[in-house]
Amino acid sequence: MRIKRLYIFLLKTYLPMFVMAFGLCLFIVLMQFLWKYVDEMVGKGLGLDVLGEFFFYAALSFVPMSLPLAILFASVMVFGNLGEHFELQAMKASGISLPRTMKPLIVFLCFISTGSFYFQNNIIPASQVKMYTLLHSMRQKSPELEIPEGSFNSEIEGYNIHVREKESNGLLRDIMIYDYSQGFNNAQVTVADSGRLKMSTDKLHLILMLYHGESFENMRKQNRTANSSETVPYRKETFNYKELLIAFDANFNRTSESLMQDRYIGKDLSNLQASIDSVTARLDSVRHEYARQIYVSSYRKSLREYTPPNRRKNEDLMRAEDIDFDRMYEARPAGARLSVLNQTKSALERVSGDYSYHSIVLVNEEKDLRRHHVEMHKKFTLSLACLVFFFIGAPLGAIIRKGGLGMAVIISVSLFIFYYIIDRIGVTMATNGMWRPWQGMWLSSAVLFVLGMFLTYKAAHDSVLLNGEVYVDKLKKIFGQPVARKIEKKEIIMYNLDYASFALRLDALLQKCDAFLKQNRRWIPYFTFWENAGEDDAARQIAGEVEAIVEEGNNSEQNLVLNKLMDYPFVGHYRLWRGLSKYRKQSIAAGWFFPLGLLVYLPACFGRKYLFRDIRAVRRVSEELLDIIRKT
């Protein structure tokens, strides 16, 4: 019963965060997409119904991409909050491991992944067809006519209009219109003092009402023959009021959806597989036919099939290898040889042109086939990414133990960008034919799956993977820098510290340190180093005694003693070469390889100076501790 209540608690904690993260991620992805196509929508007089429909279909199309990011974001936040408030520690103390804690959410996200696959297979093709059809229609839509001041406007096909000034009431001043809709040789120029512009009721024509102007028309089209002596160079017209009717379709016309339904974006899994099979069969037949044409048109084929009359009885075929073409060519006169070369060049250029065209056809067909494969694999990879991102986000949240938006946003965006880059690399490689489609599409899932399993394992074993202090301490040990101890005063002391016996242990430690400093040198004999497998036993005993004293002294109630215990260094350089002590017998034999052994011996002895530094620090801290104990 406790486990069931825990599962309900986790689901109640996760679901609101998931819904919020999904809405936020979908909004961000949708805004990025709309920003890309904002030029196709602005300034064309599109109605709110058309824009709302486009936004709706675009939002549906980006649901599968937003789901993995939302799952990653919610997982980091939820498990980060649980870790920050020590709820994960309480679950582990009750015997509930991290994988068991993740179990209800894994089941829930399996349903989400299944629903994502169904959504991509059945709803996404229809929504993408409608979205891209609307986008194509918006691109074909003419923009709202806006005539600027002081410059020519050529948005109307076949016309150039210039207006010197526009008044607030819509009146246009000093209008000049160039009409070359009938061709530049039959251009018509109209100038007017003022005028107004309005759209016809059916939004198919513009009406220009002009006042006080003149019109000039080239009458070259009136000439019946090119050599006619009867010419009318132009016609001039003066008017007080004139209306010009200009064809300008300002309506929004929807393109047929059949244009997009036959493409890979408008097909579900079964239709994609059927298209792949048909395109593959067609490509195989085309390749076979092209190969047959190449073989048939080659001279080697014609020579192999040719049988001279005098050899038909012997059933021998003339082979191309039996003919000396160089000798036959040299036997011809110079003019004939030039003719042969020209004919050969022409034939080669013709064949090269034919098969260049054939290769272009094949390349386009193969690219379309690969896009079908990519789209088919995409339906599976995006669904699996929901689970993969959970196995990354939940362990990360449990490791960092930081709640709130800040850390979750940084980690989620960074990992999603990493995933997106790898996914784009795979898709590009698969589309261009450099990799097989399944290799390119499953690359990102494979990389992140390994990362997710690694993080889950580390989080289940209480790893300090993202604790910066651990890495700093390791670097300090590598470079011989002292590492600070951290000792906290116990709230409840089970065994009080016996200061008399503690002082005796400190005296014994001081004597060991003095003996070590007197009897040992910084440089040890070469063969002694290899016999001891690179380990100093006396220093190892001192290191163990220091840790025992720190552990015993931690039971003190005096802050001075606790603070002084933190001054003890970690004596860790008694192993002059780490890992060598496991192979004592082999190390003795390795010492006889004298030139190579120096490569191990010299750095080990050089690092021995840190051991002497730590022993002196142990001696100094022990004396100070004795003074503190004696004064209390």
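The values are calculated or read from the model by the stated rules, or taken from the named source; none is laboratory data. What you are looking at is a predicted structure, and each value in this text was computed from that prediction instead of being measured. Every residue, glycine among them, receives a Cβ derived from its backbone with ideal geometry; neighbour counts consider all protein chains shown. Keep in mind that these areas ignore ligands, DNA and RNA; they rest on the heavy atoms of the full protein, side chains included. Shrake-Rupley method; radii C 1.70, N 1.55, O 1.52, S 1.80 Å.
Worth pointing out:
- Residues of region 209-265 satisfying the condition of being closer than 30 Å to Thr133 by Cβ, aliphatic (A, V, I, L, M), at pLDDT below 80 and outside any strand (DSSP E or B): Ala250, Leu259, Met260
- When residues of region 48-97 are limited to those that are among the hydroxyl-bearing types (Ser, Thr, Tyr) and assigned to a helix (DSSP H, G or I), the one nearest to Phe418 (Cα to Cα): Ser66
- Condition check for Glu365: modelled with pLDDT of 80 or more, among the acidic types (Asp, Glu), farther than 30 Å from Leu10 by Cβ and open to solvent by 30 Å² or more (accessible area, probe 1.4 Å): yes
- Once region 147-156 is narrowed to residues that are part of a strand (DSSP E or B) and open to solvent by 60 Å² or more (accessible area, probe 1.4 Å), the residue that is farthest from Leu244 (Cα to Cα) is Glu149.
- Test: residue in region 378-390 that is under 30 Å from Leu283 (Cα atoms), outside any helix (DSSP H, G or I) and modelled with pLDDT under 90: no
- Test: Arg100 is part of a strand (DSSP E or B), out of contact with any Cys (no Cβ under 8 Å at 6 or more places or on another chain) and either over 21 Å from Gly213 (Cα atoms) or open to solvent by 40 Å² or more (accessible area, probe 1.4 Å) (or both): no
- Verdict on Leu34 being part of a helix (DSSP H, G or I), free of Cβ contacts under 8 Å to residues at least 40 places away in the same chain and under 25 Å from the mean Cα position of the chain (by Cα): yes
- Figure legend. Inter-residue proximity from region 103-128: first residues within 12 Å of Phe62 (Cα to Cα), second residues in a helix (DSSP H, G or I) and basic (Lys, Arg), beta-carbon distance below 8 Å, spacing 6+ or different chains. Indicated pairs: Gln120/Lys378; Gln120/Lys379.
- Annotation for region 60-82: no member residue is farther than 24 Å from Ala408 by Cβ and open to solvent by 60 Å² or more (accessible area, probe 1.4 Å).
- Residues of region 381-413 that turn out to be open to solvent by 30 Å² or more (accessible area, probe 1.4 Å) and under 17 Å from the mean Cα position of the chain (by Cα), as a count: 4
- Cross-chain or 6+ apart pairs with Cβ under 9 Å, region 488-512 first and under 15 Å from Asp627 (Cα atoms) and surrounded by 11 or more Cβ atoms within 10 Å (Cβ to Cβ), then among the charged types (D, E, K, R) and at pLDDT below 85: Ala503/Arg630
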